[in-house]
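Accompanying notes for the structure given below.
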Amino acid sequence: MIPKYTIEYTTPFRRAAAAHHYSTDDPVACEEFVEDLLERGYGIQAIKHEGIDLPRQDFDKLIKTAAGMTAARRICVSLKIKPDEERFRFGFAA
């Protein structure tokens with residue numbers, strides 16, 4: 001059975017980038033994993049849904065959502081505020 005979401009990514013090393021993939025059936029877990037990749041600066045090569053590359057619009061939306069989650073978390077930590085206050089003041093999705 002093909003997993004719903006597969007993310008192909010690379011991890012940077014001194015001499016070469018190592019290719020990896022992550023698979024899940026949970027869309028929230030997929031967003032959280034993309035958030036982790038963005039946080040660490042890993043290269044995102046492709047995001048597939050049921051074996052087919054996501055359309056550009058859906059790919060961009062997923063990246064934007066994950067980036068918003070990263071920004072919200074960083075703001076909460078840096079300002080020592082709760083997600084509700086962050087959402088009210090800055091409008092990122094927590």
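Could you go through segment 28-36 and let me know if any residue there is among the aromatic types (F, W, Y), buried (at least 16 other Cβ atoms within 10 Å of the Cβ) and touching a residue at least 24 places away in the same chain (Cβ under 8 Å). Taking every residue of segment 28-36 in turn, at least one turns out to be among the aromatic types (F, W, Y), buried (at least 16 other Cβ atoms within 10 Å of the Cβ) and touching a residue at least 24 places away in the same chain (Cβ under 8 Å). Take the residues of segment 60-76 that are in contact (Cβ under 8 Å) with a residue 24 or more places away in the chain and within 18 Å of K48 (Cα to Cα): which is surrounded by the fewest Cβ atoms within 10 Å (Cβ to Cβ)? Applying the filter and picking the extreme gives T65.
Among the conditions (1) outside any loop (DSSP other than H, G, I, E, B); (2) more than 11 Å from the chain's Cα centre (by Cα); (3) surrounded by 14 or more Cβ atoms within 10 Å (Cβ to Cβ); (4) not β-branched (V, I, T), F92 misses just one, which is (1). For E85, are the conditions met, namely being among the acidic types (D, E) and within 13 Å of the chain's Cα centre (by Cα)? For E85, the condition - among the acidic types (D, E) and within 13 Å of the chain's Cα centre (by Cα) - is not met.
The test for being over 13 Å from Y5 (Cβ atoms), in contact with a helix residue (DSSP H, G or I) (Cβ under 8 Å, 6 or more places away or on another chain), of a type outside the set (D, E) and free of Cβ contacts under 8 Å to residues at least 40 places away in the same chain holds for R87. Scanning segment 26-67 for residues that are part of a loop (DSSP other than H, G, I, E, B) and either within 10 Å of the chain's Cα centre (by Cα) or within 28 Å of G91 (Cα to Cα) (or both) yields a count of 5.
Computed from the coordinates by the stated procedures, all read-outs in this text should not be read as laboratory data. Treat the numbers as computed from the prediction; the structure is a model and nothing was measured. Please note: Cβ atoms are built from the backbone with ideal geometry, for glycine as well, and neighbour counts cover all protein chains shown.
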